[in-house]
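The values are calculated or read from the model by the stated rules, or taken from the named source; none is laboratory data. Computed from a predicted model, the values in this text were never measured in an experiment. Note that we place each Cβ from the backbone using ideal geometry, even for glycine, and neighbour counts take in every protein chain shown. The area values use the complete protein model at the heavy-atom level, side chains included, leaving out ligands, DNA and RNA. Shrake-Rupley method; radii C 1.70, N 1.55, O 1.52, S 1.80 Å.
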Amino acid sequence: MAVVTRPFGVVPSARVDSGQARTPKHGRTVRRIFDVIKTQICTIAISFTLFNTVRLPREAFKYGEIPYLVIYSFWLLVVALPTTLLQLAIGQLSNQDPVGVWRAVPILRGVGHLKILTSYLCCIYSMVYIALSAAYMIWIGKGTFPLKDCTKLHMTPNGYENKMNASECFNSTFLAPFTEQPQYLGVMAILIFVLWFFLPIMLYRLHKSLRISLVILSPIIVIVAILLTVFLSDLNILSNILESCEHWAPLSQPYIWHSTLVQALLSTQIVSGYLISAGGSLYRHSDVRWTSTFVTITNLLSGWLSVFLWQSIGGEGDKDTSFIAILVLIYQSSVSEKRSKEWPLLAFGLVLLSGIITVLSLLFPIYDKLHRLTGDYWRIFACASSALGTALTVSVLAQGLDLAAVLDELVIPVLAVFTAVVEIVGFVFIYGWFYLTVDIHFITGSRLPWFWLVTWWSIPVLLMGVTGWWLRSLLRATWGQGQTLWPLGGVFIGILIVMVVMAAVAVAKEEQFNLLTKIASAFRPSRLWGPEEPMARYIWMSQRFINENNSEQEFNTDTKTFNHIINKYHDKCNEIYNEDWLHSTDIYQNTPKAQTKIDHIDNENPLYNDVGPIYSIPTVSSSKRRKKAEEQFRSPNICIAKDELGGPVNCNCNRHFQLNVPDLRNNEVSTSL
């Protein structure tokens, strides 16, 4: 049996709505080009998150700019690129959220929940950064610069000078304890509330709203970054950094290797599960190989440019390495260089825009999961998550930045490395590298080179080795100083609880006879794993069957018909986002005539000229004699064509639909849906 497949991720032809004229070929080409451009703009926008524009420069200031960037680039190419390809591939194949893709290995379903939890925790302490940026923009815009509360004048031979630095300014205003400056904490609480409840509006229609938001925000943040680079950067400082080789000593320490590894996982959104959800929505028509390469390149460039930008603006000298290092740098450099308040406004605005993109990318997989769980009511649960997030963010702010630093430096790194290692092990070793290559062949149309498999096999060893080296040094340092690492123990206990509970739930859901067979079945893919669209699923299963039987038959590519099928399926799935969810109408109020033309295969294709719709609603002529009551619902309920597909139908049933298939007794070709 010859199996005809197509690259599942190839950009399809333009969609054709029923009852409308077919779009001209030139129009489809232009629309396809615009879709590709918008997708790449979204990829560029994701490279300007706070992980790249704020966290990466802060860590580079701590360990040395050039050594940090070199090792960061190494981890991007060795770890982030193959893992990005894996996440995009499984997301595009299954069209699922970070939890749903674990239908491939149900017993590891807890990894998906840990990714959702990691995304939510990152969103909590990112909101602190965004609220601080917004607060200083408002205070600088409505008042003088420097701020009155951040002024401590002293007499010097050159006149009066402000002796209060930026760190003291932050600690005496919006980061001051509640007992000393309650009004500032109140302002921050209001800003955090506004951010938690109004930023999610930009995800009102999930991936469609996300695409629009990223396409709008990306050019703005690029323009602001160019303005700051052109007017404030000092090229002499950059040349001094490139010529200096004094900071290569930290390469012998585990901290810089572990920090750059975690930074690569955070920058490429591997930690949050964004790539999995985007693989089935934003990137569903993209080639996952080129998309993963472009994601890696954009993060590489934005990381280097962010470090050079803040280094040149901050000038020479030691930089602050606290949690709010970039905010301190912006304020301190603007005061010392006596810049007008427009420049700190632009710099804080850059951080604010970067924070908005960060929150959108972190909330998207969370809302995607809520939508699949609760349907149209997901917005109500999103509001509940915003209320909880507001309370947690204000609590983190009230405790000072120490708690935020613990989350960023201990909790998130452990979660990032653990989920990445288990994800690679689950799909490459338990699900099977053989089936994984077959799946990627199905969505790309070409076989996967062996070097991708080699990198997947080596990633768990590299990640566990570097993390073990880091933990060993960290434990030795803390014990020597008499400190405790209760957050580290807490996160390990939390990971264990989530994994065990979710594994127990997965085992309990298996339909087997005893515990051992249930556990064994939980290591195998669920029957729901794979493409959702029936025709795509049939071709995918056929391809897997041929490969399992060691067939040497090549898979031909016929994209015309299958592209139309996938288009129709995605159009139908996206109809929910075009409806008024508050005033939904009853779909059964439509007339029968509106339901009789349901076409999943293009009738104008000469290959199917003599074939009717696969799924059709039977209509009975008014002149036909009414059947007897006892024969009205006679079995069988599936109508059988006598000779060939589209031929006369031998049917006695009167159900809601009929499946027009050939009689399997007289035909060699069979199908299973």
Using the beta-carbon distance between Thr179 and Ala504 and R0 = 60 Å, what value does 1/(1 + (r/R0)^6) give for FRET efficiency, to the nearest 0.05? 0.85
Show me 458-466, 293-301 ranked by packing, highest mean number of other Cβ atoms within 10 Å first. 293-301, 458-466
Order the peptides 251-263, 518-530, 274-286 from the highest to the lowest mean number of other Cβ atoms within 10 Å of their residues. 274-286, 251-263, 518-530
Other residues with Cβ under 15 Å from the Cβ of Ser73 give, with Lys and Arg +1 and Asp and Glu -1, a net charge of -2
Quick check for you: with a 1.4 Å probe and neighbouring chains kept, what is the accessible area per residue of segment 249-406, in Å²? 33
What length, rounded to one decimal in nm, is gained on full extension from Trp469 through to Phe429, with 0.36 nm per residue of separation minus their alpha-carbon distance? 12.0 nm
Formal net charge of residues neighbouring Ile90 (Cβ-Cβ distance under 12 Å; K, R +1; D, E -1): -2
Report the label-to-label distance for Ile380 and Gln399 in nanometres (one decimal), using points 7 Å from each Cα along the Cα→Cβ vector. 3.2
What order do you get for 395-404, 58-67, 31-40 when each peptide is scored by the mean count of other beta carbon atoms within 10 Å, highest first? 58-67, 395-404, 31-40
Over segment 409-468, with neighbouring protein chains present, the accessible area per residue in Å² at probe 1.4 Å is 35
Name the residues of segment 269-310 whose amide N is less than 16 Å from a point 7 angstrom out from the Cα of Ser446 along the C-beta direction? 286-294
Accessible area of segment 213-334 with a 1.4 Å probe: how many percent of it is carbon plus sulfur? 67
Local charge sum around Leu121 (other residues, Cβ-Cβ under 15 Å, Lys/Arg +1, Asp/Glu -1)? 0
Given a Förster distance of 25 Å, report the FRET efficiency between Lys338 and Val222 from their Cβ-Cβ distance, rounded to the nearest 0.05. 0.35
At Ile190 and Thr29, where each label point lies 7 Å from the Cα along Cα→Cβ, what is the point-to-point distance in nanometres? 5.6
Between Asn236 and Leu301, what FRET efficiency comes out of the Förster formula 1/(1 + (r/R0)^6) with R0 = 22 Å and r the beta carbon distance, rounded to 0.05? 0.45
From the protein chains alone at 1.4 Å, what is the descending order of accessible area for Trp343, Trp196, Trp433, largest first? Trp433, Trp343, Trp196
Give me the distance in nm between label points sitting 7 Å out from Cα along the Cα-to-Cβ direction at Leu388 and Asn549, one decimal. 4.9
Would you rank Phe174, Phe429 by solvent-accessible area, highest first, keeping every protein chain in place and using a 1.4 Å probe? Phe429, Phe174
Considering only protein heavy atoms, what per residue accessible area in square angstrom results for segment 488-528 with a 1.4 angstrom probe? 68
For segment 420-466, which whole percent of the accessible surface, found with a 1.4 angstrom probe, sits on carbon and sulfur atoms? 79
Among the listed pairs Lys115/Lys369; Lys148/Lys338; Lys163/Lys319; Lys163/Lys338; Lys115/Lys208; Lys148/Lys319, which are separated by more than 19 Å between their Cα atoms? Lys115/Lys208; Lys148/Lys319
